[in-house]
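See below for the structure under consideration.
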Amino acid sequence: MAVDAPVLYNNAWVYLRDTMGSQSGGADKQKHNAELFYNLLRVLGYTQSAACGVLGNMQVESGLSPGALYGDTSSLPNNGEQLASLTNNAMLNWTTGVMGLIQWKGAGQDGYAHLPSFGNRYNLIWYDWELQLFRLEMEYIYDPTGWGGVNGVTYSFWFPISGPTTITWAQYKAWTGTPEDAAAYFQTYRERGGSDTVTRQTYARNWYNYFSSYAVTVEVSNILNACMAYLFRDSQYTYSQYDCIHFVNLVRARLGLPQMTNGTNSLWRNVGGNFLWWRGTLQDCLDQFGAVPEGAYLFKCYPEGTPGYDTIPEQYRGDGIGNFDHIGIYTNRGLGVMQSGGYDVTPPSGFNGVHDTRTRLDETPPWWTHVAFGNNISFPGVGPVQALPVWLYFQFNKRRMLKNVKRFRNSNGLW
């Protein structure tokens with residue numbers, strides 16, 4: 001049985017061995033993946049050198065394939081050669097190999113340190129590249145306090161094999177030295193193995209040169225907003241610490257976007273700054289665009305005369321617009337919404353802070369009433385939004401596409 005050829009999953013090329021780069025068209029596939037990973041690493045706070053140091057290590061470890069397996073795969077379904085059979089549960093007890101972009105161990109560590117267990121926790125497959133970079137970020141967040149496993153075991157992921165730690169993970173993220181040094185640091189403190197430092201450094205330098213003329217795209221990626229929500233949820237921040245608009249601003253800050261300084265009613269009414277480039281009811285959005293794009297803001301509005309209207313600020317009372325009392329971010333994962341607070345949370349038994357909501361867009365009648373698209377965020381973004389109908393893509397990119405059509409017709413004498 002032959003190993004599956006590279007396939008696109010969540011817009012990244014996935015290959016089950018670390019030799020994707022040597023396959024036909026493999027270099028282009030690696031470049032495609034590297035751009036995805038680089039964008040998210042930069043959004044997560046890595047400098048160009050630090051991000052390229054990570055990429056250089058990933059290229060050695062996995063060939064930049066989030067599905068790469070290394071080790072004895074004979075105990076896996078279909079000998080680990082068919083991606084469809086390698087579910088999280090099928091990988092849970094694999095003890096004879098490593099997997100993913102930086103070759104996480106199999107079932108040798110407690111709790112969520114095991115990548116498939118981590119995927120189950122968030123209802124994502126282990127070879128999802130964004131899950132793996134989110135996982136890397138979680139390791140950073142909890143270092144040096146350690147990772148709490150299901151049995152209370154703590155495990156730190158950033159330390160040398162021997163000797164003192166001379167650079168912290170936070171210092172690595174902010175590294176402004178050479179990508180070669182960054183690659184060596186990441187190998188020493190996170191990978192902790194291999195004698196191929198020069199190869200990792202060479203790859204890191206190649207990516208550094210490539211991205212030196214590359215503009216990081218600040219678009220909503222497939223799970224980025226959800227990642228940020230989970231980060232804060234796992235830290236158990238309460239609603240009193242981060243209310244709904246504060247949470248949205250936390251996500252915007254991680255995307256490098258300006259902060260929205262007013263409350264939800266002011267935001268909807270565009271008071272104190274024009275942060276929204278489209279607003280309408282949920283049905284308006286479905287009618288006009290065919291879907292709710294990932295990363296859109298969802299609002300709960302209480303019309304005048306209905307329960308929930310009474311909490312509206314006095315300056316807006318009676319203006320006929322309604323009380324826009326709550327905001328969340330649509331993640332396109334199971335129709336879920338990231339939010340802080342919300343009607344489906346009953347403290348202290350539930351999350352009264354940031355959480356993955358149980359208010360879904362397919363409720364009847366729908367709880368969320370309105371949709372808005374924030375300025376500085378372009379649609380369609382990376383991931384499932386690209387699967388929207390062609391006419392919707394045209395709607396979002398009309399001016400650029402018409403310009404390209406005109407350029408093509410002029411260059412080919414079609415006018």
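The values are calculated or read from the model by the stated rules, or taken from the named source; none is laboratory data. Worth saying up front: this structure is predicted, and the values here are computed from it rather than measured. Don't worry about glycine lacking a Cβ; one is built from the backbone with ideal geometry, like all the others, and counts go over all protein chains shown.
Residue check: is residue 206 modelled with pLDDT of 80 or more, within 30 Å of residue 322 (Cβ to Cβ), more than 24 Å from the chain's Cα centre (by Cα) and of a type in the set (S, T, N, Q)?
Spelling it out, it is not the case that residue 206 is modelled with pLDDT of 80 or more, within 30 Å of residue 322 (Cβ to Cβ), more than 24 Å from the chain's Cα centre (by Cα) and of a type in the set (S, T, N, Q).
Let me spell it out: the conditions are (1) touching a helix residue (DSSP H, G or I) at 6+ places or on another chain (Cβ under 8 Å); (2) closer than 11 Å to residue 57 by Cα, and residue 188 meets all of them except one. Which number is the exception?
(1)
Of the residues in the range 172-201, how many are under 24 Å from the mean Cα position of the chain (by Cα) and of a type in the set (Gly, Ala, Ser)?
3
Looking at the structure I just gave you, is residue 221 under 25 Å from residue 103 (Cα atoms), of a type in the set (S, T, N, Q) and modelled with pLDDT under 65?
yes
May I ask you to verify whether residue 45 is at positive phi and not in a helix (DSSP H, G or I)?
yes
Report whether or not residue 321 is at pLDDT 90 or above, assigned by TED's automatic domain parsing to the domain that holds residue 249 and of a type in the set (A, V, I, L, M, F, W, C).
Yes, satisfied.
Taking interchain pairs and intrachain pairs at least six residues apart, which have beta carbon atoms under 8 angstrom, with the first residue in the range 175-190 and surrounded by fewer than 19 Cβ atoms within 10 Å (Cβ to Cβ) and the second of a type in the set (Lys, Arg) and at pLDDT 95 or above?
Taking only residues 6 or more apart or on different chains, the pairs are 178/205.
Assuming residue 111 fulfils every condition listed in (1) at pLDDT 80 or above; (2) buried (at least 16 other Cβ atoms within 10 Å of the Cβ) apart from one, which condition is it?
Residue 111 satisfies every listed condition except (1).
Across the range 261-287, which residue is modelled with the highest pLDDT among those that are among the aromatic types (Phe, Trp, Tyr) and buried (at least 18 other Cβ atoms within 10 Å of the Cβ)?
So, considering only residues that are among the aromatic types (Phe, Trp, Tyr) and buried (at least 18 other Cβ atoms within 10 Å of the Cβ), the one modelled with the highest pLDDT is 268.
Just give me the residues in the range 1-32 being outside any loop (DSSP other than H, G, I, E, B) and touching a helix residue (DSSP H, G or I) at 6+ places or on another chain (Cβ under 7 Å), in sequence order.
Scanning the range 1-32 gives 7, 12, 13, 14, 20, 21, 26, 27, 29, 30.
One line per residue, one yes/no per condition, for (1) touching a helix residue (DSSP H, G or I) at 6+ places or on another chain (Cβ under 8 Å); (2) in a helix (DSSP H, G or I):
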residue	(1), (2)
57	yes, yes
61	yes, yes
79	no, yes
117	yes, yes
120	yes, yes
124	yes, no
134	yes, yes
138	yes, yes
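Hey, could you check the range 288-322 for residues that are closer than 13 Å to residue 265 by Cβ and touching a residue at least 60 places away in the same chain (Cβ under 8 Å) and say which is surrounded by the fewest Cβ atoms within 10 Å (Cβ to Cβ)?
Step by step, filter the range 288-322, then rank; the result is 301.
Which condition does residue 16 not pass, out of (1) buried (at least 23 other Cβ atoms within 10 Å of the Cβ); (2) within 29 Å of residue 170 (Cα to Cα), if it passes all the others?
(2)
Quick one: which of 124, 92, 69, 83 is surrounded by 23 or more Cβ atoms within 10 Å (Cβ to Cβ) and either aliphatic (A, V, I, L, M) or assigned by TED's automatic domain parsing to the domain that holds residue 250 (or both)?
69
Would you say residue 147 is surrounded by 16 or more Cβ atoms within 10 Å (Cβ to Cβ) and at pLDDT 85 or above?
In short, no.
Is at least one residue of the range 262-278 of a type outside the set (A, V, I, L, M, F, W, C), in a strand (DSSP E or B), touching a residue at least 60 places away in the same chain (Cβ under 8 Å) and assigned by TED's automatic domain parsing to the domain that holds residue 375?
Scanning the range 262-278 turns up no residue that is of a type outside the set (A, V, I, L, M, F, W, C), in a strand (DSSP E or B), touching a residue at least 60 places away in the same chain (Cβ under 8 Å) and assigned by TED's automatic domain parsing to the domain that holds residue 375.
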